[in-house]
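Structure, as structure tokens:
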Amino acid sequence: MSKKSAASFFLIDELVTRVNAQLPADQQVTERTVRYYMSNNLIGKGLKISELPEQFSSTISQRGNQRYFTSDDCDVVVATRAALANGLTIEQLGGRPSSLKVEPLMMPVMYSRSFEVSEILNNYIVSDYVALPEIRDAWLLQLRSDLTLTGTGTRPSIDTVRDLQNFINQNFAPEKSNDAQDEYFDSDDAPSTRSLRIEIELVDIAAPFEGLLVNASNAEVTPGGGASGRIWEVCGVEELMPERPINRLPLKPGQVALTSAGRAESLGFTGVIHAFGPRWTSPVDKEALHKGKKQTPMHGEEKTLIRTWENILKMADEHGESRLAAPLISSGLFGYPFQDCAEVTFETLLETPTSVTHVHIRTVSRRSFDQLVEARNRVLRKLDIA
């Protein structure tokens, strides 16, 4: 692209650079963020070569499928990011609602215990990750301590539950005795490693849970978008805002803060750990990304992500909580490459001394769910954990 054309038309990476020059540090965007806005019709998809004025299109060499953006597009992204940071939703900004739906799914397991069916819980779940106006009936079937069936809509019939029981009895290892269970989990209260179990759940971040809820927070611990927006919606802005640790704000990357769960206490949550994870600012090797190779964190993103999870576990230990429900911190609008983020997270969870025994990583994306399961299995093999 010539210098003349660059003055008025630029590619998406240049758009992101120009936008970030106008935004505060805690509202920076990534290419992924802008593409997300585009997919929700909040910003145009750019101009084709044929749509550019002749004096510009004749000097541009990148033809292919490239799109070119204007300063007006830059202003739209800045305004959108600021509006979302102030608590508005994608739909309130005129974006289209997502069509994501949560479907029934049997969760993966790491080891087996006895079969025990608990009651099906009547609670709610939602169908959209960012703008969540629609509440759906949902059910949760706890088959045993390490096997959960969740879904929306029609509940499983008694015959279906019996079929599941037969399937489990035929295909899963028999129950471990209490003695064997004690061997798996350290018997004393001292922090230990590798006794922690990671569950991957295709479920709303705020679905009922007994334990602490982890929020992928911004530096000011205020309502954000995505899973964070959902957490603030369910817990209650009026309930949580007065509990923010004003004397410690803004948080630095890797730091955490604790509040009550507000209205979400009725769903079983005992509190919320607000964790400010790292924002990915290093270059992304798209060829390596396509081949599934690890990206190089040039600005300390991996160390900060490790420190974030260490502080989350430390906070949980200090408050005597052994169960966490959390999103994959930094993998969304913060732009941390998804597979790398998952593997660093899982390795940190499994290698950090802690009394936490269960961490449930939650997502409403089936694609993300599959990737999380694969990443967890790779880490388990790498660390030689059965």
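The values are calculated or read from the model by the stated rules, or taken from the named source; none is laboratory data. Quantities reported herein were computed from a predicted structural model and do not represent experimental measurements. Using ideal geometry, Cβ is built from the backbone for each residue, glycine included, and neighbour counts are taken over all protein chains shown.
The residue list E119, E31 contains one member that is at pLDDT below 75 and either under 30 Å from R376 (Cβ atoms) or touching a Lys or Arg at 6+ places or on another chain (Cβ under 9 Å) (or both), which is E119. Applying the criterion of being under 17 Å from H274 (Cβ atoms) and of a type in the set (D, E, K, R) to the residues of segment 318-332, the residue that is surrounded by the most Cβ atoms within 10 Å (Cβ to Cβ) is E321. Here G292, G335 are screened, and the one residue that is crowded, with 18+ Cβ neighbours inside 10 Å, outside any helix (DSSP H, G or I), in contact with a helix residue (DSSP H, G or I) (Cβ under 9 Å, 6 or more places away or on another chain) and not polar (S, T, N, Q) is G335.
Given the criteria more than 23 Å from W280 (Cβ to Cβ) and either at pLDDT 80 or above or of a type in the set (V, I, T) (or both), does N86 qualify? So N86 fits the description; yes.
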